[in-house]
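All remarks here apply to the structure that follows.
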Amino acid sequence: MKFTWFDLMPWPDLPKDFREKHRSVWVDIDARLFDPARSHLLYNGYMDLLEYAATLGFDGIGVNEHHQNGYGLMPSPNLIAATLARRTQDVALVVLGNSIALYNPPVRVAEEFAMLDCISGGRLVAGFPVGTSMDTNYCYGQIPALTREKYQEAHDLIMRAWHSLEPFAFNGRYNKLRYVNIWPRPIQQPNPPIHIPGGGSVETYDFCIDHTYSYSYLSFTGYIRARALMQGYWDRVAERNAADHSPYRAGFAQTICVADTDAAAERLYGEHVNYFYNRCLHVFPGFADAPGYRTIRTIQSGALSQYAPAGATFAKLTWKDMVEGGHIIAGSPETVRQRMEELIKSLHVGHIFCLLHIGDMPAEKAMYSSKLFAEQVMPKLRGLHPELANDHRFWCRPLAKRATPGSLPPVPDLAAVPAQ
Amino acid sequence: MELRTIATPHVPVRYFEGGSGPALVFLHGAGGLLPQDPFLAALARKYRVYAPLLPGYGDSEDCSELRDMIDFTLHSWDVVEALGLDDPILVGHSMGGMIAAEMAAVAPNDVSRLALLAPAGLWLDQFPIPDIFSMLPFQLAAFLFYDEKFGAQLMGAAGTMNFGDPEWLKMFLVRNARQLGTAGKILFPIPDRGLGGRLYRIKARTVIVWGENDKLIPPAYAERFRAGIAGAELVMIREAAHMVPLEQTAQVVAALDRFA
């Protein structure tokens, strides 16, 4: 099992009446709610937490890309990952990911990911999301019906840029480049492991299967609601006669809260869970799915209604509902262990993206919950999927000998060297 | 009106044909056509009407080969060619008006009569056009019609809205994705693909028709179109909004009498 401590970096000061007074947390969020001086503290605090998670023994620390979004402060996850590369040593840097259809030209992603891989000594796990409709279409103006074609071309260009040792001309529909010849090049050859966040598109299932990429479902609605979608993926893996059913072909994001008892978990984290699900996920439904963004095949598969964002309904859910419905896995270490095991077995996933910092949770609570998880839950889950413990296709392969940041030699006195 | 199919180089095209009189091609807006479209019916009393559906509209096949404005423009010329028409009266509403204007701009010697009904295609910063793509279905009628009730009735008749029913919802989402997915290629996120810089090429006798109460593409755009096309006449219609062909059908049909 691979566990990644993931932070969305939410804005923690959305007002109590945010739902009533504001249309959306995303796309047209009220810019007056942003306080730059406050963000200075937040960014640094969130990066401290990611670095702290690395000390707890998580396999990876994770960041992602969102735009104009009140629950995500990372339009550029690569900037955050670059600072983490310097301040951490062994942990994987999971950038999940760069919305490659948005970069012009997309070789920018090939270059920046290569830089991250080089700086970190081969610790990059790279993600290529199509991007949500909110980010991709409404914030970044991509034409919905052409987004997937553009994404596909960006993917092909990036992979070729990584794989080719000769400069090549790329005559794409969306990218015309005479000399593709990226410099630097990734340490992990021919390319870093690739994870593809998806939301139930059949096309994305196939894409992952065809390229041996890990499919990750970054849901906030929990593992019980994710079964239909993940089953759809595994059915597809079987239908397409993939070489194996390795659980590392899939990952799942889960909101997790650990305390010493079940009751303490509610007492400690209830308000922050409430903040996240009720304020952070308050997205105007008109932004959820620009017409043409999803393929007809995906809509017709009929599965969308089962895992459509249920933003409006969270307000009615109690802590008990959230726990029982699996939106969150919360409670004592033993409770959490049981539910996690159920998650891992029922979804058959090898990668868990642990959402342990939730909404407006202060650092000390996130640290406490993460520490309990790392010390009392994670070790008991490590041994699941023993038969595939050596499946390293979907994880980074760092250099054995890596640089220690900040280890310059003393300044020599070169003036003392006599001239010839 | 009869629904027929004609082959074109990219995709088979579904089109309505009916009526008698001079040949008239009507290009629909982003919402497509209504079943038994009353505006087409009214046109058919005076003209031989040909109303092609863009790929993805109605039951017509989608076409991934059409991606941008020039593709849409030339495809529409392909349709005219396939129908064997020579210089038909060219009429377009909203997105269809944008395509009709482009057709007249790229082939100015092939269009002598052009009617633009609240066409899209320009952008004025002082009058931003609302984003139809993020509007919720039940918000649309208020934006599109002068008389919201009439509009809701008309749109409701096209398929009774029932968002609680998953099967209906799926049908609705598929239709929306097909139609607005196609429309988005030339309208998303800003319905401007450079037409303003090409309007000067239009040689057709042009009439521009606008609803005085258009909230989607406000009448300021009517003036801009009139100023951009040499000799264009502007007909403003009262008690009508963006769906002026459905709201004041007789007056819009009468505005075309000048081509007789």
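The values are calculated or read from the model by the stated rules, or taken from the named source; none is laboratory data. Source: prediction; values computed, not measured. Glycine gets a Cβ as well: all are built from the backbone with ideal geometry, and neighbour counts include every protein chain shown. Protein only, heavy atoms only, side chains kept; ligands, DNA and RNA dropped before computing areas. Shrake-Rupley method; radii C 1.70, N 1.55, O 1.52, S 1.80 Å.
The set of residues in the range B:95-138 being of a type in the set (S, T, N, Q), in contact (Cβ under 8 Å) with a residue 60 or more places away in the chain and under 30 Å from A:ASP135 (Cβ atoms) consists of B:GLN126 alone.
Restricting A:ALA169, A:ALA92 to those that are among the aliphatic types (A, V, I, L, M) and free of Cβ contacts under 8 Å to residues at least 24 places away in the same chain reduces the list to A:ALA169. Of the helices (runs of 4 or more DSSP H) entirely within the range B:148-253, those holding at least 1 residues that are at pLDDT 95 or above and either under 16 Å from the mean Cα position of the chain (by Cα) or within 28 Å of A:ASP289 (Cβ to Cβ) (or both) occupy B:166-187, B:220-228, B:244-247.
Report yes if some residue within the range B:94-103 is within 19 Å of the chain's Cα centre (by Cα) and either of a type in the set (Asp, Glu) or open to solvent by 30 Å² or more (accessible area, probe 1.4 Å) (or both); otherwise report no. Give the derivation first.
Start the filter on the range B:94-103 by keeping residues that are within 19 Å of the chain's Cα centre (by Cα), which leaves B:94-103.
With either of a type in the set (Asp, Glu) or open to solvent by 30 Å² or more (accessible area, probe 1.4 Å) (or both) added as a condition, the list becomes B:102.
Looking through the range B:94-103, at least one residue is within 19 Å of the chain's Cα centre (by Cα) and either of a type in the set (Asp, Glu) or open to solvent by 30 Å² or more (accessible area, probe 1.4 Å) (or both).
Of the strands (runs of 3 or more DSSP E) entirely within the range A:89-190, those holding at least 2 residues that are open to solvent by 60 Å² or more (accessible area, probe 1.4 Å) and away from chain B (no Cβ under 14 Å) occupy A:176-180.
Specify the residue that is modelled with the highest pLDDT; the eligible residues are those in the range B:131-147 that are in a loop (DSSP other than H, G, I, E, B) and closer than 21 Å to B:LEU173 by Cα.
Within the range B:131-147, the subset in a loop (DSSP other than H, G, I, E, B) is B:131, B:135-136, B:145-147.
Now narrow it down to the ones that are closer than 21 Å to B:LEU173 by Cα: B:131, B:135-136.
Numbers: B:ASP131: 96, B:MET135: 93, B:LEU136: 87.
Result: B:ASP131.
Looking at the range B:168-185, can you tell me whether even one residue there is of a type in the set (A, V, I, L, M) and more than 14 Å from chain A (Cβ to nearest Cβ)? Within the range B:168-185, not a single residue is of a type in the set (A, V, I, L, M) and more than 14 Å from chain A (Cβ to nearest Cβ). The set of residues in the range B:44-93 that are under 13 Å from the mean Cα position of the chain (by Cα) and in a loop (DSSP other than H, G, I, E, B) comprises B:LEU53, B:LEU54, B:TYR57.
Taking the conditions exactly as written (hydrophobic (A, V, I, L, M, F, W, C), surrounded by 21 or more Cβ atoms within 10 Å (Cβ to Cβ), farther than 19 Å from A:LEU93 by Cβ and modelled with pLDDT under 95), does A:LEU229 satisfy them or not?
Details: hydrophobic (A, V, I, L, M, F, W, C): yes; surrounded by 21 or more Cβ atoms within 10 Å (Cβ to Cβ): yes; farther than 19 Å from A:LEU93 by Cβ: yes; modelled with pLDDT under 95: yes.
For A:LEU229, the condition - hydrophobic (A, V, I, L, M, F, W, C), surrounded by 21 or more Cβ atoms within 10 Å (Cβ to Cβ), farther than 19 Å from A:LEU93 by Cβ and modelled with pLDDT under 95 - is met.
Scanning the range B:186-236 for residues that are within 14 Å of chain A (Cβ to nearest Cβ), out of contact with any Phe, Trp or Tyr (no Cβ under 6 Å at 6 or more places or on another chain) and of a type in the set (Val, Ile, Thr) returns no hits.
Restricting the search to the range A:285-325, which residues are assigned to a loop (DSSP other than H, G, I, E, B), at pLDDT 85 or above and facing chain B (nearest Cβ under 7 Å)?
Going through the range A:285-325, the residues assigned to a loop (DSSP other than H, G, I, E, B) turn out to be A:288-295, A:301-303, A:308-310, A:317-318, A:325.
Next, from what is left, pick out any that are at pLDDT 85 or above: A:288-295, A:317-318, A:325.
Answer for the range A:285-325, where residues must be assigned to a loop (DSSP other than H, G, I, E, B), at pLDDT 85 or above and facing chain B (nearest Cβ under 7 Å): A:ALA290, A:PRO291, A:GLY292, A:ARG294.
When restricted to residues that are under 23 Å from A:VAL27 (Cα atoms) and under 12 Å from the mean Cα position of the chain (by Cα), the range A:79-96 contains 2.
Quick one: would you say A:THR404 is among the polar types (S, T, N, Q) and either modelled with pLDDT of 95 or more or not in a loop (DSSP other than H, G, I, E, B) (or both)? Criteria not met by A:THR404.
When A:SER216 is tested against the conditions (1) among the polar types (S, T, N, Q); (2) at pLDDT 95 or above; (3) open to solvent by 10 Å² or more (accessible area, probe 1.4 Å), the lone failure is (3). Please go through the range A:245-269 and give me each residue that is open to solvent by less than 10 Å² (accessible area, probe 1.4 Å) and part of a loop (DSSP other than H, G, I, E, B), ordered by number. Selection gives A:SER246, A:ALA259.
Among the conditions (1) farther than 24 Å from B:ALA142 by Cβ; (2) without any contact (Cβ under 8 Å) to a residue 24 or more places away in the chain; (3) of a type outside the set (S, T, N, Q), B:ALA255 misses just one, which is (2).
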